[in-house]
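**Student:** Questions regarding the structure given below will be posed in turn.
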Amino acid sequence: MSQSTTNPLPENAEPTTGSVTMPFGLVIVFALVSYVGCNITDSADGGFSALVYAPYTDVAETDAMQAKSPMELQVERGAAVYKIVCSNCHQPSGGGSQGQGAPPLDGSEWVTAEGPDRLIRIINNGLTGPVEVKGQTWASGAMPNVGANLSPEKVADVLTFIRNAWSNTGSPVTPEKVAAVREEIADRGTTPWTAPELEEVEFKTDE
């Protein structure tokens, strides 16, 4: 009786080091899938809308892209008018100018009053004579009627800005209110106001 020539593996044989070759076709398929997938992700900005994840450069740019309320837009327009019409005398800071006899607008009781009735009169006709602001008497010569030739919309915008700039807080001014006050004082012509006259003016609701 002959014995088998096959030598069985010894019990608990140690594994040997070897190499497993991946089929070349499978390598090609894997590479193509990876390439296509990366391109799809890049073209879709990672799956997120560019409108949401836009490349803003700073906080100011991000804020500028946010939706603004009607009053915020009015204040923004008014700031542009103030820079041209008012800032030379009352200063960009609203602190006024002793040398030019221009009282401060920041914290002024004339600015933050209940309504804009007096302010509309001042910007429309100007102001002459002394005026007390924040406990200090300003013996100004005359404030010109810088708003006489402005539209009711621009007057409303700049007064809304002044009433809400710096430390001030006040209700917005409407073009309708400006037009109503102008109609009320039409008989006055171009005569500037004095502080005592303005102190007699009653505040009225917007019309």
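**Student:** Looking only at residues in the range 190-207 that are surrounded by 11 or more Cβ atoms within 10 Å (Cβ to Cβ) and farther than 17 Å from residue 125 by Cβ, which one is modelled with the highest pLDDT? So that I can check it myself, show each step before the final result.
**Tutor:** So the first thing to find is which residues in the range 190-207 are surrounded by 11 or more Cβ atoms within 10 Å (Cβ to Cβ), and the list is 191-195, 197-199, 201, 204, 206-207.
Going one step further and asking which of them are farther than 17 Å from residue 125 by Cβ, we end up with 204, 206-207.
Values: 204: 82, 206: 58, 207: 49.
In this case the residue turns out to be 204.
**Student:** Filter the range 152-189 for residues that are loosely packed, with under 13 Cβ neighbours inside 10 Å and either at pLDDT below 95 or aliphatic (A, V, I, L, M) (or both) and give the result.
**Tutor:** Within the range 152-189, just 186 meets the criteria.
**Student:** So residue 139 fits all but one of (1) within 23 Å of residue 77 (Cα to Cα); (2) of a type in the set (A, V, I, L, M, F, W, C); (3) loosely packed, with under 13 Cβ neighbours inside 10 Å; what number is the exception?
**Tutor:** (1)
**Student:** Can I ask one more? Restricting to the range 76-92, name every residue that is under 13 Å from the mean Cα position of the chain (by Cα) and either buried (at least 21 other Cβ atoms within 10 Å of the Cβ) or not in a helix (DSSP H, G or I) (or both).
**Tutor:** 78
**Student:** Still on this structure, please answer the following. Scan the range 146-191 residue by residue and report those that are outside any loop (DSSP other than H, G, I, E, B) and in contact with a Leu (Cβ under 6 Å, 6 or more places away or on another chain).
**Tutor:** From the range 146-191, those outside any loop (DSSP other than H, G, I, E, B) are 152-162, 175-184, 186-188; that's our starting set.
Correct list: 159, 162.
**Student:** What is the number of the single condition among (1) out of contact with any helix residue (DSSP H, G or I) (no Cβ under 9 Å at 6 or more places or on another chain); (2) open to solvent by 50 Å² or more (accessible area, probe 1.4 Å); (3) part of a helix (DSSP H, G or I) that residue 71 does not meet?
**Tutor:** (1)
**Student:** Continuing with the same structure: For a quick check of your reading of the model, give me the residue pairs whose first member lies in the range 85-103 and is under 17 Å from residue 137 (Cβ atoms), whose second is acidic (Asp, Glu) and open to solvent by 50 Å² or more (accessible area, probe 1.4 Å), with beta-carbon atoms closer than 8 Å and at least 6 apart or on different chains.
**Tutor:** That search, which allows pairs on different chains as well, returns nothing.
**Student:** Then there's this: Does at least one position in the range 127-145 carry a residue that is in a helix (DSSP H, G or I) and of a type in the set (Lys, Arg)?
**Tutor:** Looking only at the range 127-145, we keep the residues that are in a helix (DSSP H, G or I), and these are none.
For the range 127-145, residues in a helix (DSSP H, G or I) and of a type in the set (Lys, Arg): absent.
**Student:** Which numbered condition in (1) under 17 Å from residue 196 (Cα atoms); (2) touching a Ser or Thr at 6+ places or on another chain (Cβ under 8 Å); (3) open to solvent by 40 Å² or more (accessible area, probe 1.4 Å) is the only one that residue 132 fails?
**Tutor:** Single failed check for residue 132: (2).
The values are calculated or read from the model by the stated rules, or taken from the named source; none is laboratory data. Note that this is a predicted model, so its numbers are computed, not measured. Note that each Cβ is placed from the backbone with ideal geometry, even for glycine, and that neighbours are counted across all protein chains shown. The area values use the complete protein model at the heavy-atom level, side chains included, leaving out ligands, DNA and RNA. Shrake-Rupley method; radii C 1.70, N 1.55, O 1.52, S 1.80 Å.
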